[in-house]
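Data block below; observations after.
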Amino acid sequence: MGTKYMFISASGGVCMDNERLRTAGIHFLEFAFTFLTFAKCQYQSANHIKINSLPFFTLSVLADQKDENYTMSDLADKLQITKQQLSKLINDLEDKDLVERIHDTANRRRVYIRISPCGLEAMEHLKETMLDTTISALHIYNESELEQLDSCLKTLMPLMEKFQLNECTE
């Protein structure tokens, strides 16, 4: 059997050993794969923006942070792609009127990327379509199961906010 480690949490408490971390990790991955498969199968066909695509993630980041100005470098770092890849992506999204480039008044070479009103509308429509699909799929549950699922999701969301991989937060 492998070495067990004890971890000290930020609050000073002792965390789980390797085996418990591994078990939780396995369950998390099982959930993630199941969810991703569900999302791909259920949400993909009804939308022109594929939900597992780079354009979707780009619009999601920009929509979630619509009051924040992203430079091309900042956005490329956030999406973990090269500036060259992002440039092509932004050109395509701009051609579809989903994003806009804003030039800095103090430094014309600095360009900010922002989701356009049309892009926000497209994301809202996408979310509504996804919600309709989800509600339709939830009809398989009885009231008790639906309550249990909802309770689990409410518990999971704050935990997921803490669960950020380093690569996604830099």
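On a full-extension model of 0.36 nm per residue, what is the gain between ASP17 and ALA39, subtracting their alpha-carbon distance, rounded to one decimal in nm?
Numbers: separation 22, 0.36 × 22 = 7.92 nm, distance 3.25 nm.
So the extension gain works out to 4.7 nm.
Can you compute 3J(HN,Hα) from phi for each residue in the range 131-147, using the Karplus curve 6.51 cos²θ - 1.76 cosθ + 1.60 with θ = phi - 60°, rounded to whole Hz and x for Gly and Pro?
Values per residue, Gly and Pro as x: 5, 4, 5, 5, 4, 4, 5, 6, 5, 6, 8, 7, 4, 5, 5, 5, 5 Hz.
Once amide H atoms are built 1.01 Å from N in the peptide plane, which residues 5 or more positions from TYR70, or in another chain, come under 5 Å H to H?
ILE113
Values quoted throughout were computed directly from the atomic coordinates according to the rules given, and no laboratory measurement underlies them. What you are looking at is a predicted structure, and each value in this text was computed from that prediction instead of being measured.
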